[in-house]
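This report refers to the structure that appears directly beneath it.
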Amino acid sequence: MFFHFVIIAFFMAISGVSASELASASEVLVADRPTDSASPIVVPKRALQFEAGYKYSRLDSDSANNDLHVLPELLLRYGLAEHYEFRLFASGW
């Protein structure tokens, strides 16, 4: 888990993009659902986007009910160029 935080800190340090620059950008924030779907829209160049989620599902059968909780679901997106981004995702336990 520590490795994930090191990766996030690294990309934040090299991005050089301030929050005010991102706020004034003309691009709209497009969120994914980590491990479920991928957005066709790439984050802007040198922008960092971090997403986290929680998934709950239930399987009902005649003999038993099975609940599944997945936490955390993490996704890190970093814009490398106009049409390319780096993605790092992890699905919890």
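If R0 equals 25 Å, the separation of the Cβ atoms of His69 and Arg46 corresponds to a calculated FRET efficiency of about 0.10. Annotation: peptides 81-89, 42-50, ranked by per-residue average of other Cβ atoms within 10 Å with the highest first, follow the order 42-50, 81-89. Given a 1.4 Å probe and the protein chains as shown, Ser63 ends up with an accessible area of around 110 Å². Rg/Rh for segment 47-93 stands at 1.26; both radii use Cα atoms, and Rh follows the Kirkwood definition.
The values are calculated or read from the model by the stated rules, or taken from the named source; none is laboratory data. Computed from a predicted model, the values in this text were never measured in an experiment. Here the Cβ is made from the backbone with ideal geometry for all residues, glycine too, and neighbour counts use every protein chain on show. Remember, those area values only see protein heavy atoms, side chains included, never the ligands or the DNA or RNA. Shrake-Rupley method; radii C 1.70, N 1.55, O 1.52, S 1.80 Å.
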